[in-house]
Structure formats: C-alpha cells, structure tokens
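The values are calculated or read from the model by the stated rules, or taken from the named source; none is laboratory data. Just so it is clear, the structure is predicted and the values come from calculations on it, not from any experiment. Note that each Cβ is placed from the backbone with ideal geometry, even for glycine, and that neighbours are counted across all protein chains shown. When the accessible area is computed, the model is the full protein with side chains, heavy atoms only, and any ligands, DNA or RNA have been set aside. Shrake-Rupley method; radii C 1.70, N 1.55, O 1.52, S 1.80 Å.
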Amino acid sequence: MSTEPHDHAADLREEESREAPAVGGGLTAEAPDVTSAVAGVDGGEGDDGEPAPEPVFKNVEEFVRLRFLPVYVRPEGGQFRWCKEWWRHAEAVSRFQALWHAWEVLRWEAGTGMAVWYRDHLDFQMGILLGDNGPFRECTSRRHQDPRPLPADPSPEGWFEDEW
C-alpha cells in the first residue's frame, strides 16, 4: 500500500478537462507563487528532511472551480451576487487568490488551522465577494457586466511627495 497521499485535485482536473475548456489570462502577476507560501509552512522542510507539501490547486481558477463553488453554495439573488465570468473582475480574482493562498497554508496547521481560515479569511470575504455591493453587483450567473472603475482626475503636479 502506498504512503503517498492521493491527489484528488488531479482527478478533478482530469475529469473537468474532458468537460470544459481551460480559462486563460487573468490577474496572476499580483500574487506571489503559492508554492513559495506553502513551502514557508514549518520552514519549508520537515524535521525528517522531506520536501514541503505541494499545493492542492495549481492556480486560483482551479481553487474557485474545484473548492469554492462546489462547497460554498449560496442562493443567487437578494443579498448574494455571482458572475459566471468571475475571472473578469480584478477585485474578485485578487480576493480569491488571497483566499486560496491562505487555504493552502492553513490546511497544514494542526487543530484550528481551517477554523482560523474560515473565521479570518472566508467568512470575511464571502460578504464582500458575493454581496450586493461587491464586485459582481451588476452581474448575474447568466450575464456578465464589465466592471466600471470609479472616475478620478489626476492630481496636480507636486500634490503628493514621492515616497519611494
């Protein structure tokens, strides 16, 4: 019997690759590589010299499709908003990346790691991500509406001092 853990995410990726086209592009430069974050758990190597654990999900899209959407089900409408093209919303991608990275690290914390993730990360972000004033406020699960940034005029020259 093998002592290697089974890669359930790989099974789901393989199954979905037969069903749906891959989504490319997106807001990837903002967040550091999650492998680095996971390697930071317990210093990157165990006491026995074993390498740091690999992330369960290979990118934020996988985390949303294979973890977030199937597990955290909410009724659409009323106070909950969703966009089937969630990846077109930079704010949502940034928040999902933060949730994913925190999940990958905290899942290794014995005892309360996942409780901390729920309390400090997911519970806080859910109201913002799915809220009626969140990034999907003008979308439905059937129709995407491009986000419209708030307007801003440039400040006059010299208004702000350079800090860096």
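Here are the numbers for the structure shown:
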item: Label-to-label distance, nm, for residues given as Lys84 and Lys58 (7 Å Cα→Cβ offset); result: 2.5 nm
item: Euclidean distance of C-alpha centroids, the range 59-97 and the range 133-147, integer Å; result: 11 Å
item: Separation of the Val73 and Phe160 label points, Cα + 7 Å toward Cβ, nm; result: 4.5 nm
item: Trypsin sites (Lys or Arg not before Pro) restricted to the range 83-134 and DSSP loop, no more than 16 other C-beta within 10 Å; result: Lys84, Arg107
item: Where the range 45-164 is the region considered: accessible area per residue in Å², 1.4 Å probe; result: 67 Å²
